[in-house]
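Asker: Next up is a structure, given as structure tokens.
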Amino acid sequence: MIYKNCQSCGMPFSKDAQGGGTELNGAKSTMYCSHCYQAGKFTQPNLTADQMTELVKGKMKEMKILGFVAYFFTRSIPRLKRWSH
């Protein structure tokens, strides 16, 4: 399956300057962005879905994105692949 958004934070791959995270063998990850996943590991492995949601909202606020827009884009984070165990 080809994903358009990171399955950890929801960021569109088109917005990832590195074009996605990396697997252990150096290949591009097709599921996770470079902010969430490097060398086959999550950059913040102990984060919960709720913490990720708050982190992303904070980053969006720094980028001057309105609160309701940030809410709209982050509300689905708990349903992404990383969090659906």
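None of the figures in this text is laboratory data; all of them are computed from the coordinates on show. Quantities reported herein were computed from a predicted structural model and do not represent experimental measurements. Reconstructed Cβ throughout: ideal geometry from the backbone, glycine too, with neighbour counts over all protein chains shown.
Asker: If one computes the Cα centroid of region 5-29 and of region 37-72, what distance in Å separates the two points?
Answerer: Here the two parts' Cα centres lie 14 Å apart.
Asker: Could you order the peptides 39-47, 6-14, 61-69 from most to least packed, using the average number of other C-beta atoms within 10 Å per residue? Show your work: numbers first, answer last.
Answerer: Numbers: 39-47: 12.3, 6-14: 19.4, 61-69: 9.6.
With the highest mean Cβ count within 10 Å placed first, the list reads 6-14, 39-47, 61-69.
Asker: Among [x] 13.0; [y] 12.4; [z] 13.8, which is the computed Kirkwood radius over Cα pairs in Å?
Answerer: [x]
Asker: If you stretched the chain out fully between PHE68 and THR48, how much longer would it get, using 0.36 nm times the residue separation minus the C-alpha to C-alpha distance? Numbers along the way, then the final one.
Answerer: Values: separation 20, 0.36 × 20 = 7.20 nm, distance 2.18 nm.
Taking PHE68 through THR48 to full extension adds about 5.0 nm, to one decimal.
Asker: Okay, next question. Helix-derived [θ] at 222 nm for the chain: sum -39500 (n - 2.57) over DSSP H runs of at least 4, divide by residue count, nearest 500?
Answerer: On the way: 2 runs with 22 residues, N = 85.
Estimated from H runs of four or more residues: -8000 deg cm²/dmol.
Asker: Can you give me the long-range amide H partners of GLY40? Hydrogens built in the peptide plane at 1.01 Å from N, cutoff under 5 Å, separation of 5 or more residues or another chain.
Answerer: THR22, GLU23, LEU24
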